[in-house]
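The structure appears right after this line, and notes come after that.
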Amino acid sequence: MLFRKKKTAAPRVIPTHIAIVMDGNGRWAKRRGLPRQAGHKVGAEAFRTIANYAKSIGLSYLTVYAFSTENWKRSDEEVGAIMELLERYLREAIADMDKNRVRFCFFGDLSRLSPELREEARIAAERSSKYEGVQVNFCLNYGGRAEILRAAQRFAAQCAAGEAKPEELTEQRFSELMYSAGIPDPELVIRPGGELRISNFLLWQSAYAEYYFTDVLWPDFGPKELDLAIDAFNHRNRRFGGAK
């Protein structure tokens, strides 16, 4: 009698870099008859849970869209609440830094943030730089188009100063002028909240990323939802323009 050898399932691959648009806080609160600020508060806790889980599964980089260049259009009350939550989170993260051992990095124009928030961000990035493991990149006052313009302006300034020539510009050199210089591009971009758009997020870096959309609002997005996104990623055929 012949016995067929059972096929063993391929091991699950954890992407090196996952990026998330943390969307749906306001709608989560509205559905419960709560002020939008309540949704942001629960969303902050959802982020804390996901960051810890990302570390536990061996993720190297987690980039989150915390506040966009367009979010300033919201009411002063809501913007103030978001900034207060960010500042509180960073203070707590700094206090627990030696326990959690997560590296922090910040993408975006921080000059518009309050001096207090800028200082918390500086301290978090500086003190956590020694840790190994997951790195969390916070996109604050960030926009993908603004980042590309900033990189183009920096290269133009190098050319004007005689430090570079236009014909020397390559994709690699341009990438080195981005906020994300030295960080691998995201392999998986997750958009909770039911919207099917990228909202000016990591436009340059996500050229070959796999996108995963879900109707789950960000405050309800937990480890189970992240696992579902990673499982979907594992079933994608990533060809990068080739034929397979």
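The values are calculated or read from the model by the stated rules, or taken from the named source; none is laboratory data. Being a predicted model, the structure only gives us computed values, none of them experimental. The area values use the complete protein model at the heavy-atom level, side chains included, leaving out ligands, DNA and RNA. Shrake-Rupley method; radii C 1.70, N 1.55, O 1.52, S 1.80 Å.
Worth pointing out:
- Exposure ranking of 235, 17 by accessible area [1.4 Å probe, largest first]: 235, 17
- Set 73/130; 130/165; 73/224; 30/99; 41/99 screened for pairs whose C-alpha atoms are more than 29 Å apart: 73/130; 130/165; 73/224; 30/99
- Here residue 55 is the anchor, and the aspartates and glutamates within straight C-alpha reach of less than 12 Å, apart from those fewer than 8 places off in the same chain, are 132.
- Taking only the C-alpha atoms of the stretch 119-169, the Rg (one decimal) and the largest Cα-Cα distance, Dmax (whole number), read 15.8, 40 Å.
- In units of the compact-protein estimate 2.2 N^0.38 Å, the chain shows a Cα radius of gyration of 1.11.
- Normalised by 2.2 N^0.38 Å, with N the number of residues, the alpha-carbon radius of gyration of the stretch 48-127 equals 1.15.
- Ligands, DNA and RNA aside, residue 74 has an accessible area near 80 Å² when probed at 1.4 Å.
- Taking a ≥ b ≥ c as the square roots of the eigenvalues of the Cα gyration tensor, the stretch 108-244 is oblate, since a/c reaches 1.5 or more and a/b is not larger than b/c.
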